1. Helix B:13-22 versus the longest principal axis of chain B: what is the Cα-based angle in degrees, 0 to 90, to the nearest 10?
2. Can you list the DSSP H helices in chain A whose Cα atoms extend at least 20 Å along the helix axis and whose mean Kyte-Doolittle hydropathy is 0.5 or higher?
3. Normalising by the residue count of chain A, find the relative contact order in percent from Cα pairs under 8 Å and 6+ residues apart.
4. Hey, got the dipole for chain B? About the Cα centre, +1 on K and R Cβ, -1 on D and E Cβ, debye to the nearest 20?
5. When you count, for each residue, the other Cβ atoms within 10 Å and take the mean per peptide, how do A:26-39, A:49-62 rank with the highest first?
6. Can you list the lysines whose alpha carbon sits under 27 Å from that of A:Lys401, skipping same-chain ones fewer than 8 residues off?
7. Would you order A:Trp74, A:Trp321, A:Trp265, A:Trp227 from fewest to most other beta-carbon atoms within 10 Å of each residue's own beta-carbon?
8. List, in order, the whole-Hz ³J(HN,Hα) value for each residue of region A:167-183 obtained from phi through the Karplus relation with A = 6.51, B = -1.76, C = 1.60 and θ = phi - 60°; use x for Gly and Pro.
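Each reported figure results from applying straightforward, stated rules to the coordinates on display, with no laboratory input. Every value quoted in this text rests on a predicted model; they were computed, and no experiment measured them. Using ideal geometry, Cβ is built from the backbone for each residue, glycine included, and neighbour counts are taken over all protein chains shown.
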Amino acid sequence: MRYILTLLALMPGFAMAETLDTGDTAWILTSTALVLFMTLPGLCFFYAGLVRSKNVLSVLMQCFAIACIASIIWLIAGYSLAFGEGNAFIGDLSKAFLNGVGKETLSGTLPEPLFFTFQMTFAIITPALIVGGFAERMKFSSVLLFSSAWLVLVYLPVCHWVWGGGWLAEMGMLDFAGGTVVHITAGVAALVAALVIKNRNGYGTASMIPHNLTMTMGGAGMLWVGWFGFNGGSAVAANGDAAMAMLVTHISAATGALTWMFIEWFKYGKPSVLGIVTGMVAGLGTITPASGYVGPAAALVIGLLAGIVCFYCTNLIKQKWKIDDSLDVFPVHGVGGILGTFLAGIFCSTDLGIFSGYGFGGDNTSIGEQLQVQLIGIAATFVYTAVVSFVLLKLVGVLTKGLRVERDAEIQGLDITSHEERGYNL
Amino acid sequence: MKKITAIIKPHKLDEVRAALSEINVAGMTVTEVKGFGRQKGHLELYRGAEYSIEFVLKTKIEIVIEATRVDAVVEAIMQSARTNKIGDGKIFVTNVEQTVRIRTGEEGVEAV
């Protein structure tokens, strides 16, 4: 159906609702660059600064390589399987290798090649986020194999369910920019990976403090700015939707950052840089699914809750349960995604006074109804991701003869043992 | 000839250098080191996880000097490096067999 519409839209003189809009196109061209920037080098730096110096290159290498591989997969079949018609659960291969899609092909008011590239940057950052869960101990071959398989078997289906016209979209689930598709999937995968690959050697006794928080802070700044493209660009239009999405994103980031900072100040006596940037990420991750549906005042609440909830979950996972999700991907992105997807169901309501949003999704007519849908989406994403990630990790472990590097290699550091390089030759 | 090795708190380096300059100590070698004595390490907190940092950063100063001047140098270092808190450091005095100036080939006390 979309194919026919596209063909018709290309015929000169044919009056159609969707033609190329240069404003929309310009903004999404920009957003695409911003979102890629979030991975290269935003996330790269954010993560790399958090590990020990002997592993700094391994993190950079993993993120960079994943970005490259995800791109190729996206072209070969990823885009088509995510956004092709298909059925309620997965797309099809009609646009494998972008077959039939040319410079003039449209997707809405954008050139389809642009929509392809924009969505690709989301497919890039999601597997890259998982790196935080298994940092400093996973074999490079295992990382590549797992990330590729995971992209195809987890990201593509979930993306289709929510954004590709799949079953969650049919139910009117609200996920503007990737609370479920990006943050819950990556967060859960990281948690599962941390449990399967087990804790780092010396976890709990050895010192594993971040080696370069200035690098992490630099990455954090890039993530904040890039997120304007992530959420703002998800409007797929240069209009008020994009503007408001950008606005609420920003407010949530600032609020989340300050919340975490103040909690640390009261609890431990000193506000920290790591705390404030983590709070920022929590705020950003949490607002992501809600960014197109909620108002500014709601963003304050969302940011505040993000800071509080993600803070306590981080402590729970690290201190109480002693799970080595090394860079806290699950408590920040996973929990943030869950919380944000849930809150979207509340704050989309137009009946909350100053905290009102912009309307329910699909055929839903009440907060209760919307929340039901949100919860189904959260649960389905969580369970599906957990199960498939687990299976893939086990499978990859067999194929690569062990997910983890040898104990000695881990102690020496991955940079020198996996890549024969040192990050710093001072 | 004697070698004076002083481990001091890093922020005291400028004062010590100034004090030694006043008694005409011609040169020194400075290294950044870490260690501990009675001053145990400290705790650092990252995302709620506490880490015990056992080694404390210190500065090591090495001076080779004629035996007759040792007391004056030790006294100067002690006065300028002292903060009266644990971790002020220590001074060690050892013997030096030979000293040679590379540029000229001078040996012994002339080379110091």
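1. Computed tilt is about 20 degrees.
2. A:22-37, A:56-73, A:112-130, A:213-232, A:240-268, A:273-287, A:296-315, A:367-399
3. Relative contact order here is 23 percent.
4. It works out to roughly 440 debye.
5. Top to bottom by mean Cβ count within 10 Å: A:49-62, A:26-39.
6. Within reach: A:Lys54, A:Lys139, A:Lys198, A:Lys322.
7. A:Trp321, A:Trp265, A:Trp74, A:Trp227
8. 5, 6, 5, 4, 7, x, 5, 9, 8, 5, 10, x, x, 8, 4, 9, 7
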